[in-house]
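These notes concern the structure reproduced below.
Bear in mind that the values in this text are calculations on the coordinates, not laboratory data. Every value quoted in this text rests on a predicted model; they were computed, and no experiment measured them. Here the Cβ is made from the backbone with ideal geometry for all residues, glycine too, and neighbour counts use every protein chain on show.
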């Protein structure tokens with residue numbers, strides 16, 4: 001296997017797959033799909049690499065089974081995120097920052113959810129970091145559970161199976177075999193582009209419109225969230 005020299009070695013897709021195999025892949029997909037601590041995990045590049053390696057015969061599991069298991073892990077991860085968000089409620093917005101938790105990520109996912117509604121569960125799958133927090137925000141907002149399950153299944157299938165199959169399809173191309181490390185770097189960079197664009201937009205917006213000072217809130221009072229997508 002080639003080594004993807006981008007970021008720490010323990011986040012290298014080749015290293016993760018070579019060390020932990022399919023079980024490690026499924027755990028990472030589950031964690032990145034809905035656990036607060038999973039936002040930094042390399043989901044896109046990992047799925048793409050998995051497809052490449054299955055095609056190259058370096059992973060023994062059949063491609064169809066890999067896709068089924070990945071989709072299942074992705075859907076269950078979002079499910080866990082939704083239930084967590086529903087349990088913690090608006091208190092999530094008062095949680096202090098830590099090394100693995102930033103309110104900025106919560107705010108970004110909340111804005112994404114407010115903008116796209118239930119469709120955000122599909123769209124967010126393809127936006128790193130946002131995909132981790134969106135199901136949690138859906139739970140906090142009280143999104144209708146049946147609607148959540150529907151869009152969760154659609155998003156989990158399109159992302160989990162789609163990116164894996166893309167890697168498998170490109171794995172049959174000689175150019176990809178000859179430049180696999182370059183391809184993997186490109187996948188990671190493409191995954192980061194939406195984050196960079198959103199960061200620059202938010203930075204520009206904050207400069208043009210400084211946040212207005214809020215009046216004092218009563219003890220335990222949370223900022224209003226959920227808006228038009230909350231359960232009625």
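A few remarks follow.
- C-alpha center-to-center spacing [segment 119-190, segment 27-86] in angstrom: 9 Å
- Intensity falloff of segment 128-169 expressed as log10 I(q)/I(0), Debye formula with alpha-carbon point scatterers, at q = 0.18, 0.22, 0.23, 0.26 Å⁻¹: -0.59, -0.77, -0.81, -0.92
- Label-to-label distance for residue 104 and residue 174 is 4.6 nm, based on points extended 7 Å past Cα in the beta-carbon direction.
- Separation in nanometres of the label points that stand 7 Å from Cα toward Cβ, at residue 58 and residue 87: 3.8 nm
- FRET efficiency, residue 186 to residue 119 (Cβ-Cβ, R0 30 Å, nearest 0.05): 0.65
- Exposure proxy for 82, 145: other Cβ atoms within 10 Å of each Cβ, ordered fewest to most, give 145, 82.
- Compared with the rule-of-thumb size 2.2 N^0.38 Å for a compact globular protein, segment 55-163 has a Cα radius of gyration ratio of 1.14.
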